[in-house]
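Here is the structure we will look at.
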Amino acid sequence: MKEIAFFPLTPLGDSICQMGQLQELHRLYDPCRITVFAIPLIAELYRNYQYADDVVVLEGKIRGPVRFREVPGKHFDLVFSHGYTQSWTEMLRQLDYDKAYGMEEVFRSKAECEELFDRYVSLDHWKNITLKQYQYVPEQMAELIRLVNPDYRGAMPHLTTDNYQCSPPPKTLPEKFVLMLPGTSWIAKYWPIQKYFQLAETLRHHYGLESIFVIGPQDRILLNDLEQGGFIYFDNLSLSQLGYVICHSELTVGNDSGPMHLAACFDVKTVHLFSFTGIENWFSYDQHRHKVVKYSCGRRDCRNCLITCIGKITLKQTLEAVLELLNLPKKPMRKIAYFAQDLLGDALVNFNLLEKLSQLYPPCELTVFCTEKNHELFQDYAFCDEVFCYTPGKWNREHLPRLKFEAVFNTRYDMDSLNLISELDYEKCYGYESCEIPETICKKYYTAYLPLKLWDDRKLRWESSVTEQGSALIRLIDPDYHCNQIRLAENTFCHNLSGKVQKAVTQKLVIIVPGASNRYKHWGNQNYFDLAKRLQDDGMKIVFLLGPQETDYVADIMRAGYQWISDLSFAEVAQLMNAPGKTVLVIGNDTGIMHLACALGCPSVTISAASSSFTWFPYLSPKHRLCRAECARPQCAVSCRKINECIAKISVEQVWKEAQICLYNPNNGL
């Protein structure tokens, strides 16, 4: 009987792709005994599989070096090794074997291959033949087996409860349920957890189907949401227990991940949510039982796209794929309209109203009406399904959406917005009384509205954040709703990993945002240059981020010797601020861009004039710091005659001290 050693790769998805190779090796070398050498997670996977006769656990993780816990004393006739880094090479040198098969890689030279292997797949063959002849990853990875059987094509394994060991989880499962797998290995692959909850709530309310959520150890970021979500969830299942839950589900929905490949290999019905992460090479399943959902951006090919768009996959897209596979009738989506304000900061601080509306009217499609200035902002937001741009006073009724809206929410105070709303087909409408929209008009058009006297409430007007003030509109239909500050959770806002951004991103990056919407908010370029010098002396890399109205700053910035970047999209700005392990701090005036930084969770120092910070800056924490004049008080902007001098009272030393708190807090920065 031949003794065969098999070394799969470390990522779960890759290892699942290679499982079927064991069955082929058993066929080729019958009788034989296959010993799989793998890191703990992958060892668990193969231990459940019928065609792995023995499993030896290696020391190592998904990324990084791998080594023997104890060098095997056993002799092997054949070795098939997918590992390609230096640590895998060292293990092969320690192993006692007759013949070995492997791959040349950038980490393993041709000379090493000739030393270790009887035959190997060269880099030239891989690039010029394998990748051109075979589309799917399981076929490409089968190149190793084709060294001994040229006719072997390779495919994902066909798993059943007969060839894969399954064991029940610790909790009793519902009789019928849909399995949700919201986790994955990379942040760009996460569909927002709140959209999973909306899908689950829709299936429960309209179709009587419960949902069970399962996450892995790398998905702890989702744990707080799952605890509050109201659904059964597991966060510590073994792969054997996961197999059991998969097999008993009516259908499985999830991101591009190893567990989703496991579900598809069991051939339960699946819906896979993809971003730009290789759908052309990774999805090789029968599309009558397995559906792919991706953002409908109009692009035919995602391979050269670098936008993290998975959050823009709509509830409607995913729900329709689920219902089609389950052969359930479709129900019409509820239509909700939202009218946004013009200024970037005003629009941003009310972002979470859209997420709340999507929860209050499930399943729904949200259409945002805004001016061109904020079109891109809302287009990048996960809870905005459609954007309709219009120019106040110049819109044409013939061009308005021909939809029947169940509800319209107007955050604007101008009469023109109400004139436009009156041309829409809607059932209910909510908004504000204002100087332009008097009470008589409100009573005519609004189902319910917030009166002007609302602002007589001192606590609301001067002691609450503008985000909490905006929440009052939602309290017209949900009296218990409160939201003090905006938060853009994982993949609820698109990021663009473009080359322009990547060139600007370096280690220890501090971004300075010197622009402002009006003069009294502007701290002054020289102050920023003096601050930048101190940060630079402290080892930081400085980049000035400029908006389209701030090109006149360029000459001064260049003379001061600093790098600058401009003409970025909001998705590029988001990536610049959120570059993992690179961007450590954003410093700037009280602007919409600083609200975006705070919402994304990027450490920040905001420089604010007069009393605006008391309502516009609710983010105060070791991660988000505020600089304002010592004399600033609530309402001081109303009576102070020196409001234009207020920001000048903020010293470079004051901002420097706040920056140090951010930079050297153990939970963020350096």
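The values are calculated or read from the model by the stated rules, or taken from the named source; none is laboratory data. All of these numbers come straight from a predicted model, not from anything done at the bench. Cβ atoms come from the backbone with ideal geometry, glycine included; neighbour counts cover every protein chain shown. SASA here: full protein model, heavy atoms, side chains in, ligands and nucleic acids out. Shrake-Rupley method; radii C 1.70, N 1.55, O 1.52, S 1.80 Å.
Of all accessible surface on the chain at a 1.4 Å probe, what whole percent is carbon and sulfur?
48 percent
Can you pull the Rg over Rh of region 224-274, Cα-only, Kirkwood?
My calculation puts Rg/Rh at 0.97.
Any idea how far the Cα center of region 209-270 sits from the one of region 146-204, in Å?
Each part reduced to its Cα centre gives a spacing of 6 Å.
Report the Stokes-Einstein translational diffusion coefficient (µm² s⁻¹, integer) for region 185-231, Rh taken as the Kirkwood radius over Cα pairs, at 20 °C with viscosity 1.002 mPa s.
Taking Rh from Cα pairs, D becomes 186 µm²/s.
Take the Cα coordinates of the chain, assign each an equal point scatterer, and use the Debye formula without solvent to give log10 I(q)/I(0) at q = 0.08, 0.09, 0.11, 0.12 Å⁻¹.
Evaluating at q = 0.08, 0.09, 0.11, 0.12 Å⁻¹ gives log10 I(q)/I(0) of -0.73, -0.89, -1.18, -1.30.
Please sort 56-63, 178-185 by packing, taking for each peptide the average over its residues of neighbouring beta carbons within 10 angstrom, highest first.
The peptides rank, most packed first, as 178-185, 56-63.
For region 11-45 and region 490-504, compute the distance between their C-alpha centroids and round to whole Å.
37 Å
Assuming R0 = 25 Å, can you tell me the calculated FRET efficiency for the pair L454 and L360, based on Cβ-Cβ distance, to the nearest 0.05?
0.75
Which whole-Hz ³J(HN,Hα) couplings does region 502-515 yield from phi under the Karplus relation 6.51 cos²θ - 1.76 cosθ + 1.60, θ = phi - 60°, glycine and proline marked x?
Result, rounded to whole Hz: 4, 5, 7, 7, 9, 5, 6, 7, 10, 9, 10, 10, x, x.
I need the shape label for region 81-120. Rule: rounded when a/c is under 1.5, else prolate if a/b > b/c, else oblate, with a, b, c from the alpha carbon gyration tensor.
oblate
Which value, in Å³ per residue, describes the convex hull spanned by the Cα atoms of region 339-467?
Output value, Cα hull per residue: 114 Å³.
Would you mind putting 564-574, 418-428 in packing order, based on average other-beta-carbon counts within 10 Å, highest first?
The packing order, highest mean first, is 564-574, 418-428.
So what is the calculated 222 nm ellipticity per residue for the chain, using -39500 (n - 2.57) for each DSSP H run with n of 4 or more, over all residues, to the nearest 500 deg cm²/dmol?
Estimated from H runs of four or more residues: -8500 deg cm²/dmol.
What is the spread of the Cα atoms of region 464-605 along each of their three principal axes, largest first, in whole Å?
Over region 464-605, Cα extents along the principal axes are 55, 34, 27 Å.
Could you tell me which of T35, T184, Y152 has its Cα farthest along the dipole of the chain towards the positive end, charges placed at Cβ (Lys, Arg +1; Asp, Glu -1), taken about the Cα centre?
After comparing all options, I get T184.
Counting Lys and Arg as +1 and Asp and Glu as -1, each charge on the Cβ, what is the dipole of region 509-590 about the Cα centre in debye, to the nearest 20?
140 debye
Lys/Arg Cβ at +1, Asp/Glu Cβ at -1, dipole of the chain taken about the Cα centre: which of T308, A632, P169 is farthest positive-ward?
A632
Any idea what % of Cα-Cα pairs in region 1-160 are farther than 26 Å?
Beyond 26 Å sits 19 percent of the P(r) for region 1-160.
Between the DSSP loop rule and a limit of at most 16 other Cβ atoms within 10 Å, which trypsin sites (Lys or Arg not before Pro) in region 121-187 are left?
Those that pass, being in a loop and sparsely packed, are R153, K171, K176.
Which whole-number percent of Cα pairs in region 310-357 have a distance greater than 14 Å?
That fraction is 65 percent.
Sorted by average packing, counted as other Cβ atoms within 10 angstrom per residue and highest first, what order do 656-665, 34-43 take?
34-43, 656-665
Only residues of region 608-624 count here: report those whose backbone N is under 17 Å from the spot 7 Å along Cα→Cβ of I187, or say none.
623-624, by backbone N distance to the label point.
Using modelled backbone amide H atoms (1.01 Å from N, in-plane), which distant-in-sequence or interchain residues come within less than 5 Å of H495's amide H?
Here T308 satisfy the definition.
For region 479-541, rounded, prolate or oblate, judged on the Cα gyration tensor with a ≥ b ≥ c (square roots of eigenvalues), a/c < 1.5 rounded, else prolate if a/b > b/c?
Note, shape of region 479-541 comes out oblate.
State the Cα centre-to-centre distance between region 527-597 and region 361-408 in whole Å.
Taking the Cα centre of each part, region 527-597 and region 361-408 sit 31 Å apart.
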